[in-house]
1. For the stretch 324-386, what is the Kirkwood hydrodynamic radius in Å, using each pair of distinct C-alpha atoms?
2. Net charge near M313: determine it from the other residues with C-beta under 13 Å of the C-beta of M313, scoring Lys and Arg +1 and Asp and Glu -1.
3. For the stretch 340-479, take the alpha-carbon Rg, divide it by the Kirkwood Rh, and send me Rg/Rh.
4. May I ask for the angle, rounded to the nearest 10°, between helix 122-139 and the longest principal axis of the chain, with both axes built from Cα atoms and the value confined to 0 to 90°?
5. Give, as a single signed number, the net charge of other residues whose beta carbon lies under 11 Å from the beta carbon of S99, with Lys and Arg counted +1 and Asp and Glu -1.
6. Evaluate E = 1/(1 + (r/R0)^6) for V337 and I108, where r is the Cβ-Cβ distance and R0 equals 41 Å; express this FRET efficiency to the nearest 0.05.
7. Report, in listed order, any pair from K46/K284; K119/K246; K408/K477; K118/K246; K45/K121 with a Cα-Cα distance greater than 30 Å.
8. Specify the angular offset, from 0 to 90 degrees and rounded to the nearest 10, of the alpha carbon long axis of helix 214-232 from the longest principal axis of the alpha carbons in the chain.
Amino acid sequence: MSSTPEKELQATDSAPDVEKHSDVEFKDHAPQDGPGYPTDPAFEKKLVRKLDYMIVPTLMGIYLFAYLDRGNIGNARLQGLPQDLLGGDASGQLFAWLSAAFYFAYVIFQYPTTIYAKKFKQHYWIAAACFGWGLVSLLQATAFNFGSIFMCRFTIGFFESMFGPNIAAYFTYFYTREEIGRRIGIWWATASVAGAFGGLLAYGVQHIHYKFSAWRFLFIIEGVPAMLIGAAIPWILPDRPEESKKLTEAERALAIARMKRGGTPEVARTLSWAHVRMGLYDWKIYCAGITYFGTNCALSALGSFLPTIINQMGYSAANAQLLTVPPYALGGISLCVMSFVSDRYYNRGIIMIAFTAIGGTGYLILCVAPTANVAARYAATFLVTMGTYTCIGIAIAWYPFNMGSESKRAMGIPIWQSIGQCGSILGSYIYPNTDAPRFIRGFAVTCGLFYFSTVVAIVLSVYIYYENARRDRVYGKVDPNAEVDTSELADYAPNFRYVP
């Protein structure tokens, strides 16, 4: 990459196809004082509180059932699914394919779904995704062979690809870079809550006797709520600020002004293809993907194999379901605390470095602790969940804001997330039954990936520190609340500063 990307981009994209809000479009929304920014902190605080009430609990509820429907295959494994559909699957290879099917679809479809999500009203898009994966999760209960359950898992991955990557961009429509960390942290902590809740639910289902298999009932009771939430989303979740009917005129004006603090907002349902191309060629996005690869390898292993790993420590299938709850709970607590810390000190990189190392250490203990030392091996799962959930939550809050524009995020987010989801596919194949009870191969691979992610996070953090310092030196320090014109150069704009 050139040392002066601003000049290079000006030469190659002298007239980029960027669509900006016109002065006429914004004239009714501009606050009376200053360069389009609010002058009443109390009113802004009231708006943020209103947004919190509308957005955060709703997205938490959606993601709770998204993660339940994604991860319930791991619980179903201990409830007889392999015996009913996979002919016993002694090697575990067919189950690995089922686990990976979700991520195959997620990787393939998140590029078009994230790019074109910007062309639709956000609350309708999210509603369609939620209803879709709930319906298909319900249909898993009717599966009769490997092919039918595989297609269900693949289709759930398609619908969730409409949601997960797009939510990282959705948060940036409403929250500033100083506010977004704790909101995304609380939202993403729902994944660990889902892991804990899924374990409790599976434990309860396993102790009730039905005329049909317990795993079928599990799919039903976790699929129906997602469909109900999906049907309700258009009446609860706001669309983009400039189009939301859930905000008053004054609130809409303030919300639009807040969007301009991190860059120039774009017209709803439009794309800047120049910025899309920038996202394709930005090396920082690929580094972000590398860090995400390691953490997602761990995440998929937790969702699909943690009950099995604990079961192989000598616990019964039912108790193994129950013992997944404490590690998930600690992972969620760690994420929430670190998200608040990252906002308070306005630094994501240091936390990413520390917790990738913590996750790697957890897997290192699992590698070296003898089978008989159940206490050490179980304690290591707590370090693993802390590292995994904290790093993914911090990554979602860190990387999108450093892309500079909505259209660059539309390309950049699926790039780094798809690289990460390839780690999820890998995680589906490195814990075969033949490696039980030590699972050395899976633990060693994930340990190495976590530590490699630590190195890459250090590189990114150091680059951001020196690049921000260079821009301060060359262009002068900037007011954090000042308007940043990113309409042409995205994050290469002289007044843009990266989140460290």
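Every number here is computed from the coordinates shown, using simple stated rules; none is lab data. Worth saying up front: this structure is predicted, and the values here are computed from it rather than measured. Glycine also receives a Cβ, built like all others from the backbone with ideal geometry; neighbour counts cover every protein chain displayed.
1. So the Kirkwood estimate lands at 12.4 Å.
2. On the way: positive: R377, R438; negative: none.
Counting the neighbours of M313, the net charge comes to +2.
3. Details: Rg = 18.1 Å, Rh = 16.9 Å.
So for the stretch 340-479, dividing Rg by the Kirkwood Rh gives 1.07.
4. 10
5. So the environment of S99 carries a net charge of +3.
6. Using R0 = 41 Å, I get an efficiency of 0.70.
7. The pairs that break the limit, which is 30 Å between Cα atoms, are K46/K284.
8. It is inclined by approximately 20 degrees.
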